[in-house]
Amino acid sequence: MTAPRAATDSRAAFPPAFRWGAATAAYQIEGAADEDGRTPSIWDTFSRTPGKVRNGDTGDIAADHYHRMREDVALMAGLGLTDYRFSVSWPRVQPTGRGPALQKGLDFYRALVDELLAAGIRPVLTLYHWDLPQELEDAGGWPARDTAYRFAEYAGLVAEALGDRVPTWTTLNEPWCAAFLGYAEGVHAPGRTEPEAALRAAHHLNLAHGLAVGVLRELTRPSSEVLLSLNLAAVRPLSGGRADAEAARRVDALANRVFLDPVFHGRYPRDLISDTAPLTDWSFVEDGDLRIVSRPVDGLGINYYTPTVVGAGSHPLPSPWPAAHDHVGFVPAPGPRTAMDWPVDAGGLYELLVRLRDELPGTPLLVTENGAAYDDYADPAGAVHDPERIAYLRAHLEAVQRAMAAGADVRGYFLWSLLDNFEWAHGYGKRFGLVHVDYATQRRTPKDSASWYADVVARGGLPPK
Ligand code: FCB
């Protein structure tokens, strides 16, 4: 006799304590750019500079979440999310990047956190998702060491206000993008193309992370979790040959080990230092810095979208890969693409999780971002059909399960994103949300993927196909 089929068969089930979330970031959803004392961040300046963001889009209004926060939390509650990952806008809380906090700014996040807790949703707070106060950029930005100390002070202001009620804290989101897209390639704010400055920025972001870990340990509950989120690259050499392996090694150093090694092992990789010797001697790393950078964390957040295939070759300047343009070429992975033109390849997520299982034993992992943009639209009946997104999510959740079965300690999954939003240099053209936003009316319409994800959360696993 065959057993009756469970709602979710056991192969498709995740552990009962698995955290099911969605993620957003302040500048991408809040709008209210000039309200209640908020001052410009580097993203306000960048997006208001002609030619920097597609279509001249800015985050001035975005998804108007600042005014619709309660409606948005109700949407999350409707999806049954256990967790919500959001970021705090630094210039809303500490407008000039120095001095006392602006209470109105903190009040907004206090209200958001209280609304989440009342809905039974665990807040996961990111302190830095790229919106550096413009005044700090004017004083040198992340290439200036002082910015790390300013960040620690800001972390203290947020921790004092919310440390009693936020259980999970993330210091930085994707410092790779902040350092290398912002200061080397210049396609993100502040738009500088100075490869040496980008390496300094990476170190000062690491230092800022470590300083903030210390502050959070002091000012939040002893049970609080402190993490950081990295967009690690699933680097694949084009072939098994030596030259391609060497290209992959260089990119692995610049994308992954530049953060993993100092944070988890208290050192910078030797090969990174010699690869970048034409640009810098790394004397900006001062005595004692690495002890601060490597203060223990409670886990690692991984953001993953698509793999990175590299071979021996060259690529055009400006590039986000300091000192590598003469050595490395990038090759698109095969397979279907999202609207970002990013190849869909869930194997990369598996590879990263299994690598971290081996390299960081005992470190809990959270997938803090994963998702896909497609050209979604509401049909005349008001429905948004997004079967490609559902297929993308299923494939990536299966990859998470495979990695867990292979021993990776993955504790949760946060889908990017709750809402369609301002996709940085791509503006509003790229829709990553589970919930469609009509920017003219700010009407929210859950897509088919929203009901699919709610079903996954409710059954704690993947539904049958
Ligand atoms: C990540 C960012 C996030 C979002 C996704 C698509 O790099 O952290 O804000 O834009 O990409």
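The values are calculated or read from the model by the stated rules, or taken from the named source; none is laboratory data. All of these numbers come straight from a predicted model, not from anything done at the bench. Cβ: placed from backbone, ideal geometry, glycine included. Neighbour counts: every protein chain shown. Side chains are part of the model used for accessible areas, which takes the heavy atoms of the whole protein and leaves out ligands, DNA and RNA. Shrake-Rupley method; radii C 1.70, N 1.55, O 1.52, S 1.80 Å.
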Find the percent of Cα-Cα distances in region 34-113 that exceed 22 Å, and round it to a whole number.
36
Note: region 205-337, point scatterers on Cα, Debye, no solvent; log10 I/I(0) at q = 0.10, 0.15 Å⁻¹ equals -0.40, -0.81
Please give the per residue accessible area of region 56-148, computed with a probe of 1.4 Å over protein heavy atoms only, in Å².
31
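Using the crude model of +1 on Lys and Arg Cβ and -1 on Asp and Glu Cβ, and no other charge, please compute the dipole size for region 174-220 relative to its Cα centre, in debye to 20.
Values: 3 positive and 5 negative charges, 21 e Å.
Result for region 174-220 is approximately 100 debye, rounded to the nearest 20.
Please report the carbon-and-sulfur percent of the accessible area for region 113-219; probe 1.4 Å, protein heavy atoms only, DNA, RNA and ligands left out.
Values: 1280 of 2720 Å².
The C+S portion of the solvent-accessible surface of region 113-219 is 47 percent.
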Relative to the compact-globule scaling 2.2 N^0.38 Å, provide the ratio for the alpha-carbon radius of gyration of the chain.
0.93
Treating only Lys and Arg (+1) and Asp and Glu (-1) as charged, each at its beta carbon, one finds that region 12-91 has a dipole about its Cα centre, in Debye to the nearest 20, of 320
As an exercise, use a Förster radius of 35 Å and the Cβ-Cβ distance of Thr445 and Ala395 to find the FRET efficiency, rounded to the nearest 0.05.
0.90
Whole-percent carbon and sulfur share, accessible surface of region 381-465, 1.4 Å
54
On the accessible surface of region 252-352, probed at 1.4 Å with all protein chains in place, carbon and sulfur together account for a percent value of 53
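Restricting everything to alpha-carbon atoms, can you work out Rg to Rh for region 125-282 with a Kirkwood hydrodynamic radius? Please report the intermediate quantities before stating the final value.
Numbers: Rg = 16.5 Å, Rh = 16.4 Å.
With Rh from the inverse mean 1/r over Cα pairs, Rg/Rh is 1.01.
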What aspartates and glutamates could a cross-link reach from Lys52, if we take a straight Cα to Cα line under 13 Å and drop same-chain neighbours fewer than 8 places away?
Asp44, Glu185, Glu423
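For the chain, give me the percentage of DSSP beta bridges that are antiparallel, rounded to the nearest 5 percent.
Values: 12 of 48 bridges.
That works out to approximately 25 percent antiparallel.
Would you calculate a helix-derived [θ] at 222 nm for the chain, using -39,500 (n - 2.57) for each DSSP H run of n ≥ 4 and dividing by the full residue count, to the nearest 500? It would help to have the intermediate numbers written out before the result.
Values: 14 runs with 158 residues, N = 465.
Taking each H run of at least 4 residues, the total per residue is -10500 deg cm²/dmol.
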Using 5 Å bins from zero, what percent of all Cα-Cα pairs in region 14-71 falls into each bin?
4, 16, 22, 21, 12, 9, 7, 5, 4, 1
Area projected by the alpha carbon convex hull of region 339-410, averaged over all directions, nm²:
5.5
For region 355-465, with equal point scatterers placed on the C-alpha atoms only and solvent neglected, what are the log10 I(q)/I(0) values from the Debye formula at q = 0.14 1/Å, to two decimals?
-0.63
Extreme residue, positive dipole direction of region 9-72, given options His65, Phe14, Thr24 (C-beta unit charges)
Phe14
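Give me the orientation-averaged projected area of the Cα convex hull of region 86-138, in nm², one decimal.
Details: hull surface 14.3 nm².
Dividing the Cα hull surface by four gives the mean projection, 3.6 nm².
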Once the in-chain neighbours fewer than 8 apart are removed, the lysines whose Cα is under 21 Å from Lys465 read Lys447
With all protein chains present and a 1.4 Å probe, the order of Lys465, Lys104 from largest accessible area down is Lys465, Lys104
Solvent-accessible area per residue for region 249-355 at a 1.4 Å probe radius, Å²?
41
Given that compact globular proteins tend to follow 2.2 N^0.38 Å, what is the ratio of the alpha-carbon Rg of region 290-369 to that value?
1.37
In whole percent, the Cα-Cα distances of region 283-327 spread across 10 Å bins from 0 upward as 17, 25, 33, 24
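Can you give the local net charge around Thr280? Use residues other than it whose beta-carbon is closer than 13 angstrom to its beta-carbon, Lys and Arg +1, Asp and Glu -1.
On the way: positive: Arg200; negative: Glu194, Glu196, Asp275, Asp281.
For residues surrounding Thr280, the net value is -3.
Order Asp289, Asp438, most accessible first, counting only protein heavy atoms with a 1.4 angstrom probe. Please list the in-between numbers first.
Values: Asp289 5, Asp438 60 Å².
Ranked list, largest accessible area first: Asp438, Asp289.
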